[in-house]
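Below is one structure, written out as C-alpha cells; the observations come after it.
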Amino acid sequence: LFSKKERTRQKRLLGLKKHDRVVTSGGLFGTVIAFDEKEATLEVAKGVRLTFKRSSIYDIDKQGEGAPLDAPEKQAGAKG
C-alpha cells in the first residue's frame, strides 16, 4: 500500500534517537531533545524548543548520511 519512499521513511522513524537532526513535514529543521511514542520535542534554535506530533517528522539526518531527503538547501545549491 505504501510507496517505497514512505516505507523507507517509516523504517527510519523507528530508529529515531535523541540528538538526531530532523525535518518536519512543514519544513522545520531541528534537533530531537526528547520524544515518546506520540510526541517529539525539537530544539530549532539555541534555547528554542517546540513539541510536535512524532508523525509530523518527515525525515531524519543520521550522522554521516548527509542532509535529510529533499532538503531545500541541498536542492537549491549553496548561496553566498
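The values are calculated or read from the model by the stated rules, or taken from the named source; none is laboratory data. Fair warning: this is a prediction, and the values are worked out from it, not measured in the lab. With ideal geometry, Cβ positions are generated from the backbone for all residues, glycine too; neighbour counts draw on all protein chains shown. For accessibility, only protein heavy atoms count, side chains too; no ligands or nucleic acids. Shrake-Rupley method; radii C 1.70, N 1.55, O 1.52, S 1.80 Å.
Under 9 Å between Cβ atoms, at least 6 apart or on separate chains: pull out the pairs that start in region 1-28 with a residue that is closer than 30 Å to VAL48 by Cβ and end on any residue that is basic (Lys, Arg) and not in a helix (DSSP H, G or I).
From residues that are closer than 30 Å to VAL48 by Cβ, the pairs are ARG12/LYS62; GLY15/LYS62; LYS17/LYS62; ASP20/LYS62; ARG21/LYS62.
Quick check on my filter: what residues within region 2-34 are part of a helix (DSSP H, G or I), open to solvent by less than 80 Å² (accessible area, probe 1.4 Å) and either modelled with pLDDT of 95 or more or not polar (S, T, N, Q) (or both)?
Of everything in region 2-34, those that are part of a helix (DSSP H, G or I), open to solvent by less than 80 Å² (accessible area, probe 1.4 Å) and either modelled with pLDDT of 95 or more or not polar (S, T, N, Q) (or both) turn out to be GLU6, ARG9, ARG12, LEU13.
With the requirement that a residue be open to solvent by less than 40 Å² (accessible area, probe 1.4 Å) and either hydroxyl-bearing (Ser, Thr, Tyr) or at positive phi (or both), what does region 35-61 give you?
THR41, SER56
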